[in-house]
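Reading through the C-alpha cells given below for one structure.
The values are calculated or read from the model by the stated rules, or taken from the named source; none is laboratory data. Just so it is clear, the model here is predicted, and its values are computed rather than measured. So basically every Cβ, Gly included, is an ideal-geometry build from the backbone, and we count neighbours across all protein chains shown.
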Amino acid sequence: MQIETIPTTPYNDQNPGTSGLRKKVKVFQQPGYLENFVQSIFDSLGDISNKTLVLGGDGRYFNRVAIQIIIKMAAANGFGELIIGQGGLLSTPAASNIIRKYQAFGGLILSASHNPGGPDEDFGIKYNVSNGGPASETYTEAFYERSQAITEYKTANLQDIDLDSIGSQQIGTIKITIIDPVSDYAELMQSIFDFNLLKQSISSGYITLLFDAMSAITGPYAKRILVDILGASPESVINAEPLEDFGGHHPDPNLAHAHELAELMFSEKAPTFGAASDGDGDRNMITGSNIFVTPSDSLAILAANAHLIPAYSKGLSGVARSMPTSQAVDRVAAKYNIPCYETPTGWKFFGNLLDEGKITLCGEESFGTGSDHVREKDGLWAVLFWLNLIAVRRQPVIDIVHDHWQKFGRDIYCRHDYEAVETPIANSIVEDLRKQLPTLPGQTFGEYTVKYADEFCYEDSIDGSISKNQGIRIGFENGSRIVFRLSGTGTVGATLRIYIERFEHDASQHNQDAQIALAFLIDLAEQLCEVKKRTGRTEPDVIT
Ligand code: G16
C-alpha cells in the first residue's frame with residue numbers, strides 16, 4: 001500500500017458547531033477541504049495505530065465520495081480496521097451502537113442531519129468517541145485548532161472499495177469490513193422493548209401506524225423493524241428509500257416538513273400512531289390521531305412511563321434535558337424523586353452523565369430523545385417506546401398525553417426560528433439582549449415578573465469542564481421562560497431560536513393552542529430582541 005503525503009493549506013472555517021462540521025456541499029468539495037478536516041481529527045486523537053474506526057453516513061449527496069476519501073486516509077494514517085455500513089449507510093444511533101458493540105476506537109458519521117441534501121445543499125461530518133457519543137468540546141476545539149495549522153494530509157493509493165458487498169477484506173495493513181447497517185440495531189431494539197406484545201398489538205389491529213422516513217436513512221431500519229419483524233403493513237412506512245437529495249425536501253421531522261404525515265394525522269383516516277425521523281435517524285416526531293406531541297412533552301411522558309418498558313422496568317437513575325427544553329420532565333423527576341440535569345443544547349453534553357449512570361433518559365426540544373442504550377438520540381427507539389407504551393396502556397396517544405397533563409400540569413411550549421438572518425444583525429440582537437440582562441430582574445410585564453435574567457453557563461459535574469454563552473434565559477416568578485440562542489447547526493447566515501414556555505396547572509385550560517396561550521410572551525420576546533423590526537420579517541420561518 002503506497003502512502004502519499006499531500007501538502008495543503010488551512011481553511012479558516014473548520015470550527016465544528018453543535019454537532020460536527022456542517023457546510024454546503026460545495027464548500028466540502030473545495031480541494032483538500034474534507035481531507036484537511038479529517039486529517040485534523042486524526043492528528044488530534046493520539047495513538048490511532050491498529051485501532052478500529054466505524055464509518056457511515058445518511059446517504060446524502062457526497063456521502064459515497066467522502067467515504068472513499070476517508071477510507072484511503074484512514075489506511076494511510078494507520079488504522080487497523082474500518083467497519084463501514086453497506087452502501088456507506090449508517091444511521092447516527094446505529095453508528096453509536098456499532099462503536100459500542102464492537103469496541104471501536106471511534107467513528108466518523110457523515111451527515112448534516114435534518115438539513116437538506118443535494119449538490120447545492122448541505123453536508124456534514126462529526127467524530128464520535130469510544131463510548132459511541134459525539135466528541136466533547138475538548139476534542140472539537142482541538143480539531144479546529146489543528147485545522148488552523150495543518151500543512152499536509154496522508155492518503156493511501158488504493159482503488160475505490162466496493163461499498164455494496166458485505167464481508168471483510170485485508171488491504172495492506174488495514175482490514176475493511178462492510179456490515180449490514182440494520183441488523184445490530186434491530187437486535188438492540190429487541191433487547192429493550194416487548195416485541196411480542198408489539199406484534200400482537202399490530203396483528204390484532206389495535207395499533208395502526210404510519211412512519212415517514214422522509215426519504216432519508218431510517219427507511220431501511222423502519223422497514224426491517226416495523227414491517228418485517230413486527231408485521232406492520234408495507235404501506236405503514238412511507239418515503240422509505242434513502243435518496244441523495246431526500247426527494248428535494250428538508251428531512252426534518254416537524255409539522256412543517258413532515259406535512260404528508262401531519263395532514264393524515266389530523267384527518268378522519270388517521271392511524272393510531274404517526275411518527276417521522278430525520279436525515280440521519282436520530283430525531284423523532286410523535287403524533288397520534290388528532291394530536292402532535294411536543295418533544296418536551298414526549299420526554300416527560302416517556303420518563304413518567306418508563307417502568308412499563310422491559311429495559312427500564314427497574315426505574316430510572318435520573319433524567320436530563322437541554323436548557324431550552326421545557327421543564328415538563330423536571331416535574332416527573334420531582335414526583336419520582338430522581339435527579340434532573342439541565343445541560344446546554346447538544347447531545348454531547350449528555351455523554352458523561354450517561355457514562356456515569358447518573359441518567360437513564362434524556363432529551364431535547366429539537367425532536368431528540370434517547371437513553372443509555374447508545375450515546376446519541378435515537379428516532380426509531382422513541383417510536384418503539386411510544387408503540388410499546390400504547391400497547392401496554394391500551395390507550396390512544398391523545399389520552400396518554402391528556403392524562404399526563406392532568407397529573408403533572410401542562411408546560412405550554414413553542415419555538416420560533418428566524419433562519420438565515422444576516423450574521424451581523426443576529427450578533428447585534430444577542431449583544432443587545434446581553435446588555436439588558438442586569439436591568440431585567442424585578443421588572444414586571446403584564447402578569448409576568450422577571451425572576452432572573454442570565455446567560456446559561458454549564459459546569460459538567462463529572463469532568464469539571466465549563467461551557468459558557470449557552471443561551472440567554474429570562475425566567476419569571478411563575479416559572480415561565482423566554483430563551484434566546486443562536487443555532488449551531490445552520491449553514492447560511494445565523495438562525496435565531498426563541499423558546500417560550502408557560503406552565504398551566506388548570507386542566508380546563510390545557511387544550512389551548514400554544515401560539516394563542518403564549519401570545520403575550522411571544523410579543524414580549526419581540527419587544528426584548530426586536531428580531532422582526534431589525535430583519536424586516538413579519539413571521540418566524542419555522543414554528544415548532
Ligand atoms: C443537533 C444536536 C442536538 C441539538 C440540535 C439543534 O441535532 O445533536 O443536540 O439540539 O442539533 O442544535 P441547534 O439549536 O444549535 O441548531 P441534529 O439532529 O441536527 O444532529
Worksheet item: Only one of Gln148, Gln159, Gln190 is on the phi < 0 side of the Ramachandran plot, in the same structural domain as His373 (by TED's automatic domain parsing) and surrounded by fewer than 19 Cβ atoms within 10 Å (Cβ to Cβ); which?
Response: Gln190
Item to complete: Please determine, by comparing only the residues of segment 16-32 that are surrounded by fewer than 20 Cβ atoms within 10 Å (Cβ to Cβ) and modelled with pLDDT of 95 or more, which one is farthest from the ligand (Cβ to nearest atom).
Response: Pro31
Discussion item. All but one of (1) away from the ligand (no atom under 16 Å from the Cβ); (2) farther than 21 Å from Phe28 by Cβ; (3) part of a helix (DSSP H, G or I); (4) small (Gly, Ala, Ser) hold for Ala94; state the number of the condition that does not hold.
Written reply: (1)
Fill in: Leu255 being surrounded by fewer than 23 Cβ atoms within 10 Å (Cβ to Cβ) and under 20 Å from the mean Cα position of the chain (by Cα)
yes
Worksheet item: If Arg375 passes every condition in (1) more than 13 Å from the ligand (Cβ to nearest atom); (2) within 28 Å of Gly219 (Cβ to Cβ); (3) of a type outside the set (Asp, Glu); (4) in contact with a strand residue (DSSP E or B) (Cβ under 9 Å, 6 or more places away or on another chain) but one, which one does it miss?
Response: (1)
Item to complete: Report yes if some residue within segment 397-412 is without any contact (Cβ under 8 Å) to a residue 60 or more places away in the chain and surrounded by fewer than 18 Cβ atoms within 10 Å (Cβ to Cβ); otherwise report no.
Response: yes
Worksheet, complete the sentence: Inside segment 117-136, the number of residues satisfying the requirement of being farther than 13 Å from Phe62 by Cβ, buried (at least 18 other Cβ atoms within 10 Å of the Cβ) and either in contact with a Lys or Arg (Cβ under 9 Å, 6 or more places away or on another chain) or of a type in the set (Lys, Arg) (or both) is 8
Fill in: Any strands (runs of 3 or more DSSP E) falling wholly within segment 1-91 and containing at least 3 residues that are within 24 Å of Tyr139 (Cα to Cα) and out of contact with any Lys or Arg (no Cβ under 6 Å at 6 or more places or on another chain)
21-24, 52-57, 81-89
Worksheet item: Residues of segment 453-480 being free of Cβ contacts under 8 Å to residues at least 60 places away in the same chain and within 16 Å of the ligand (Cβ to nearest atom), which ones?
Response: Glu455, Lys468, Asn469, Ile472
Discussion item. Quick test of your reading of the structure: Ser168 fulfils all but one of (1) modelled with pLDDT of 95 or more; (2) surrounded by 14 or more Cβ atoms within 10 Å (Cβ to Cβ); (3) of a type outside the set (A, V, I, L, M, F, W, C). Name the failing condition by number.
Written reply: (2)
Worksheet item: Just for segment 497-516: of the residues that are assigned to a helix (DSSP H, G or I) and in contact with a Cys (Cβ under 9 Å, 6 or more places away or on another chain), which one is farthest from Tyr413 (Cα to Cα)?
Response: Gln515
Worksheet item: Only one of Ala320, Ala303, Ala240 is among the small types (Gly, Ala, Ser), under 21 Å from Ile390 (Cβ atoms) and either crowded, with 19+ Cβ neighbours inside 10 Å or touching a helix residue (DSSP H, G or I) at 6+ places or on another chain (Cβ under 6 Å) (or both); which?
Response: Ala303
